[in-house]
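Just below is one structure, and these are the notes that go with it.
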């Protein structure tokens, strides 16, 4: 586990991912409300060139970002309002990942079999208010990214 002392450290994790992100990649973000999932997304999108705010897509569910707004097309997805994994088919995410990276908050709502090749990040709120980050990296990610 890596300890993230403040929101800037959490955003820095996202920024570190931007340098290795490519279309077809899937990054999942899990953890309780307020743990910092959207902060990681904001850091990643800012490092890809997004100017201005990256809102949480809680109500839209999918927020697309494309060139020239960002260097790598990204679909920022928030599955918080998905009640049944079968609803996922309507979002078309598997098709969209051919030309975009997927950054998925609340990915656990899609079921345990979704995106087996994803880099899985899990945040927790520590007793002192800092965040703890753990991750599971499949083989395709092991040589590409390691949090520091």
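Of the numbered criteria (1) farther than 19 Å from residue 144 by Cβ; (2) surrounded by 14 or more Cβ atoms within 10 Å (Cβ to Cβ); (3) in contact with a strand residue (DSSP E or B) (Cβ under 8 Å, 6 or more places away or on another chain), the one residue 82 fails is (3). Let me spell it out: the conditions are (1) closer than 17 Å to residue 137 by Cβ; (2) surrounded by fewer than 21 Cβ atoms within 10 Å (Cβ to Cβ), and residue 88 meets all of them except one. Which number is the exception? Among (1) closer than 17 Å to residue 137 by Cβ; (2) surrounded by fewer than 21 Cβ atoms within 10 Å (Cβ to Cβ), the lone unmet condition for residue 88 is (1). Just give me the residues in the range 98-112 being touching a strand residue (DSSP E or B) at 6+ places or on another chain (Cβ under 9 Å) and surrounded by 18 or more Cβ atoms within 10 Å (Cβ to Cβ), in sequence order. Result: 100, 101, 102, 103, 104, 105, 106, 107, 110. Of the strands (runs of 3 or more DSSP E) lying entirely inside the range 1-88, those carrying at least 3 residues that are closer than 17 Å to residue 119 by Cα and in contact (Cβ under 8 Å) with a residue 24 or more places away in the chain are 26-30, 74-78. Of everything listed in (1) touching a strand residue (DSSP E or B) at 6+ places or on another chain (Cβ under 7 Å); (2) outside any loop (DSSP other than H, G, I, E, B), the single unmet condition for residue 115 is (2). Exactly one residue among 29, 50, 44 is farther than 14 Å from residue 131 by Cα, modelled with pLDDT of 95 or more and either surrounded by fewer than 16 Cβ atoms within 10 Å (Cβ to Cβ) or in contact with a helix residue (DSSP H, G or I) (Cβ under 7 Å, 6 or more places away or on another chain) (or both), and that residue is 44.
For the range 115-142: of the residues being without any contact (Cβ under 8 Å) to a residue 40 or more places away in the chain and more than 18 Å from residue 104 (Cβ to Cβ), which is surrounded by the most Cβ atoms within 10 Å (Cβ to Cβ)? That would be 142.
The values are calculated or read from the model by the stated rules, or taken from the named source; none is laboratory data. The structure presented is a predicted model; accordingly, all values stated were derived computationally and were not measured. Note that we place each Cβ from the backbone using ideal geometry, even for glycine, and neighbour counts take in every protein chain shown.
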